[in-house]
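The values are calculated or read from the model by the stated rules, or taken from the named source; none is laboratory data. Everything numeric in this text was worked out from a predicted model, so none of it was measured. As a convention, Cβ positions derive from the backbone with ideal geometry for all residues, glycine included, and neighbour counts pool all protein chains shown. SASA here: full protein model, heavy atoms, side chains in, ligands and nucleic acids out. Shrake-Rupley method; radii C 1.70, N 1.55, O 1.52, S 1.80 Å.
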Amino acid sequence: MRTSEIATLPVVTLAGDDVAQVKDVVFSADGGAVAGFTLAGRGLLAGPLKQGLSWHHVVGLGPDAVMIADDSALEPVDTVIAAASSTSAGAGSGGNVLGDRVLTDTGSDLGKVSDVVIEYDNADGGPCDVVGYEIEASDALKASTSKGSKHTRLLLPLPDTLAVSSEHVMVPASAEGFVSDDLAGFGAAVQAFRTQLKGGS
């Protein structure tokens, strides 16, 4: 699922009450998982709320709604953001990666981040992991892949940990070989890429 598909989703309690809608996705400081959401009121003209939603209070996430047990799951938005910035376990500084340039560790420019791809298993109840980026492919990437010649937006799998600065995202050069244009099959590309990084077959 792309994070752009989550923006404006309703936040609904298990009792069926529509309590808010997603405004922004908040990522953990290392950029590897969704930490929570900032919220807005329901309706076209509704403004931002002073309440947010931490990921550990989410009961389910689907294409039509974010589910919570009840409205006690909502907490001050500053609490959600502070918790996200204290979860850093990786090398990066996190933050907003949209528009950041993606570079390989060998210096190749792959393009700019246009969206973030996440993976969440509702049956598992675990974290909502960032598994890839949708990128506006660079000319070099388009020239090096047959898929790139047809599509300007491609899906790039990410390793378990990565380096993120305020302007660049650094990925292993081998990620280029797993670029995809198919979201339905992207999970397999992510798994194959991460297995290859770990030295598996």
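Values computed for the structure shown
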quantity	calculated
For the stretch 102-118, 3J(HN,Hα) per residue [Karplus equation, 6.51 cos²θ - 1.76 cosθ + 1.60, θ = phi - 60°, Hz, x = Gly/Pro]	9, 10, 7, 6, 9, x, 7, 8, 9, x, 10, 5, 10, 6, 10, 9, 10
Amide hydrogen neighbours beyond the local backbone of Lys23, cut-off 5 Å, H modeled	Thr8, Thr38, Leu39, Ala40
Total formal charge among the other residues, if their Cβ is under 14 angstrom from that of Asp71, Lys/Arg +1 and Asp/Glu -1	-2
Alpha carbon centroid spacing (whole Å) that separates the stretch 98-159 from the stretch 17-38	20 Å
Percentage relative contact order, the stretch 3-86, counting C-alpha pairs under 8 Å, at least six apart	29 percent
Karplus 3J(HN,Hα) series, Hz, for the stretch 184-196 with 6.51 cos²θ - 1.76 cosθ + 1.60 (x for Gly, Pro)	4, x, 5, x, 5, 5, 4, 4, 5, 5, 5, 5, 4
Intensity falloff of the stretch 3-86 expressed as log10 I(q)/I(0), Debye formula with alpha-carbon point scatterers, at q = 0.21 Å⁻¹	-0.92
Projected area averaged over orientations for the chain, convex hull of C-alpha atoms, nm²	11.9 nm²
Per residue value of the accessible surface for the chain (all protein chains in place, 1.4 Å probe), Å²	48 Å²
Residues whose placed amide H lies under 5 Å from that of Val179, excluding near-sequence neighbours	none
Accessible-area composition of the chain, carbon plus sulfur, in percent [1.4 Å probe]	52 percent
Long-range amide H partners of Val169 with built H, under 5 Å	Arg101, Val102, Leu103
